[in-house]
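Participant: Have a look at the structure that comes next, please.
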Amino acid sequence: MGSDERALPEAAQSPSGEEEARRLRGIRTRAVQLDGQPGFVDWARRLRRRLPGDERFGDVLSTAGESPVQVIARGVSSLQPDRDSAVKELGLAGLQVWQSLSEATGRGRGEVELALLFTDLVGFSSWALKAGDAAAVELLREVGEAVEGAILDAGGRIVKRLGDGVMATFLTAQAALHAALGAQDAVCQIQVAGYTPEMRCGVHFGRPRKLGGDYLGVDVNIAARVADAAKAGQVLVSDPVLQRIEQDGLKLARSKRLRAPGAPRDLHVTAVSRA
């Protein structure tokens, strides 16, 4: 080995090399501090609220598919998930706009029109903490039998169980509404340890994308947002559902705009019950 080669490690440890390394570490530390500053993070989130698309894009619900933008978003969201980051918010902002533009051109939707039903128990977790595991399991079992029975009786298909709720699909909006109202009637009759559960339902009609045995895409996200907007004991339906059902024998509340991240600005929802 020549003298020039032996001199390389020494050059790397020269004062100028150490100074450059310290300078780079300082830049990196400052960048990390700036990235996590609350003011910078809040600015990035405010920017996302002004951009087209779902400002919550990046959560589990919105990135559950296999499209490139959803796969990338899952990767971005997984980076230091417990740390606020302006850079992460800006990265998701770009993906949010990309997803919105794709949906506007018809992507993110399937070929077959279906009605989508989401159900969810309100206040179940708080009650279960006090009631204990045995009572909670018994309640879930009875609610499951009641809800799934109503869905199957209406010709629906249970896509998946979501903790204390379900997602189901129907060929018609009328069948989905019939199932939702029937499920509410049945759940109202349940009582476990002196407790009667309260359920909320959301129904939307669209063209979800089928992936294996599951459905994903824009209309699935909207259906979930409709359910989130429902109150305890309420069946909330979107405009496309209301346009496709027979309203005789029903009581309709006043229609209101669905104010939920990612929902179309012109989409309205209506609470429906039996007259």
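Participant: Using the structure shown, decide if Ile151 is of a type in the set (Val, Ile, Thr), modelled with pLDDT of 95 or more and out of contact with any Phe, Trp or Tyr (no Cβ under 9 Å at 6 or more places or on another chain). Before the answer, list the steps.
Facilitator: On the way: of a type in the set (Val, Ile, Thr): yes; modelled with pLDDT of 95 or more: yes; out of contact with any Phe, Trp or Tyr (no Cβ under 9 Å at 6 or more places or on another chain): no.
Criteria not met by Ile151.
Participant: Return the only residue of Gly194, Gly217 being of a type outside the set (Val, Ile, Thr) and either farther than 20 Å from Val122 by Cβ or touching a Pro at 6+ places or on another chain (Cβ under 9 Å) (or both).
Facilitator: Exactly one residue qualifies, and that residue is Gly217.
Participant: Tell me, which strands (runs of 3 or more DSSP E) lie completely within the range 200-273 with 3 or more residues that are crowded, with 16+ Cβ neighbours inside 10 Å and at pLDDT 95 or above?
Facilitator: Counting at least 3 such residues, we get 235-238.
The values are calculated or read from the model by the stated rules, or taken from the named source; none is laboratory data. Computed from a prediction, not measured in an experiment: that's the story for all the values here. Here the Cβ is made from the backbone with ideal geometry for all residues, glycine too, and neighbour counts use every protein chain on show.
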